[in-house]
Amino acid sequence: HGGGNFHLASAGDSYSTRLIANENGFLTEADIIDLWQRYQNVETELTAPFPSSVDSTQHIDMWMQVIADDGVVIADWPLAQGSAQDQICEAVASLMAGRGYTVTRVPNIGNPFQTHYTFTNVVMCNDIVLLPEYDFVAQTYNDQALAAWQAALPDKQIIQIDCDAIV
C-alpha cells in the first residue's frame with residue numbers, strides 16, 4: 001500500500017480511501033479493516049477516493065490531514081462546488097465533526113489541465129509544517145490556506161514551499 005493513503009489519530013481511529021481495497025482485490029474492505037484492527041488496534045474508516053480525473057493518486061492526504069488527536073484539515077472546493085470531490089470532502093467533514101474533531105477547511109483548486117492543487121498534502125515535523133504554495137492559483141487561495149493552517153496550529157511554524165515544479 002502506497003504512502004499518503006493512511007492517516008491515524010492517537011484516539012485509535014484511522015482513515016484511508018477505498019484505493020486500498022482496489023489495489024488489494026483479493027481482500028474485502030472488511031478484511032482490510034480487520035487487519036488494521038488486529039495489527040494496529042485502530043478502527044478504520046474507508047472513504048470514497050477522488051475520481052482519478054481529479055487526483056490520480058487517490059490518496060487521502062490529497063484532501064484530508066489529521067493534525068491532532070481532535071483536529072483535522074479537509075479540503076473545500078470553491079471553484080467546483082457540488083463536484084464528486086466536493087461531495088466526498090463535505091461528507092467526511094461532517095463525519096469528522098460528528099466524531100468530535102475540530103474541522104478546518106482549506107481550498108483545493110483544479111485547473112483545465114486536471115492538475116490538483118492541494119493544501120492538505122503537507123509535511124509535519126515537530127513544530128514545523130511545510131505547506132504547498134502555487135503560482136498557478138490565485139494568491140488569495142495560497143493566503144487562505146496559510147491563514148487556515150496558522151489558525152488550526154497556532155503553536156507551529158507554517159512555512160510555504162513553492163510546489164509548482166512538483167505538482
(message) Show me, for the stretch 116-125, the HN-Hα J-couplings you get by feeding each phi into the Karplus relation (A = 6.51, B = -1.76, C = 1.60, θ = phi - 60°), rounded to Hz, glycine and proline as x.
(response) 9, 8, 9, 10, 10, 7, 10, 10, 10, 9
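Can you sort Phe50, Phe26 by 1.4 Å-probe accessible area, starting with the largest?
On the way: Phe50 0, Phe26 155 Å².
Most to least solvent-accessible, the answer reads Phe26, Phe50.
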(request) Specify the angular offset, from 0 to 90 degrees and rounded to the nearest 10, of the alpha carbon long axis of helix 139-152 from the longest principal axis of the alpha carbons in the chain. (result) 50 degrees
(message) Under a crude label model (7 Å from the Cα following the beta-carbon direction), how far is Asn22 from Ala80 in nanometres?
(response) 1.3 nm
(request) Counting only C-alpha contacts under 8 Å and six or more residues apart, can you give the relative contact order of the chain as a whole percent? (result) 17 percent
(message) Can you compute the radius of gyration and Dmax for the stretch 45-110, using only the Cα atoms, both in Å?
(response) 11.2, 32
(message) List residues of the stretch 106-130, by number, whose backbone nitrogen lies under 11 Å from a label position 7 Å along Cα→C-beta of Ile159.
(response) 125, 127-130
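Is it possible to state the helix-based mean residue ellipticity at 222 nm for the chain, with each DSSP H run of 4+ residues giving -39500 (n - 2.57), the sum divided by total residues, to the nearest 500 deg cm²/dmol? What is it?
Values: 4 runs with 46 residues, N = 167.
Calculated mean residue ellipticity at 222 nm is -8500 deg cm²/dmol.
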(request) Could you tell me how many degrees, from 0 to 90 and to the nearest 10, lie between the Cα long axis of helix 84-98 and the main elongation axis, the longest principal axis, of the Cα atoms of the chain? (result) 70 degrees
(request) Give the calculated FRET efficiency between Ile166 and Leu35 to the nearest 0.05, with a Förster radius of 22 Å applied to their Cβ-Cβ distance. (result) 0.10
(request) Return, for the Cα atoms of the stretch 1-157, the radius of gyration and Dmax in Å, separated by a comma. (result) 15.4, 45
(message) As an exercise, use a Förster radius of 25 Å and the Cβ-Cβ distance of Glu45 and Cys125 to find the FRET efficiency, rounded to the nearest 0.05.
(response) 0.45
(request) Any chance you could look up the accessible area of Glu23 with a 1.4 Å probe, heavy atoms only, rounded to 10 Å²? (result) 100 Å²
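The values are calculated or read from the model by the stated rules, or taken from the named source; none is laboratory data. In this text, all values refer to a predicted model and were calculated from it rather than measured experimentally. Cβ sites come from the backbone with ideal geometry, for glycine too, and all protein chains shown count toward neighbours. Side chains included, ligands, DNA and RNA excluded: accessible areas come from the protein's heavy atoms. Shrake-Rupley method; radii C 1.70, N 1.55, O 1.52, S 1.80 Å.
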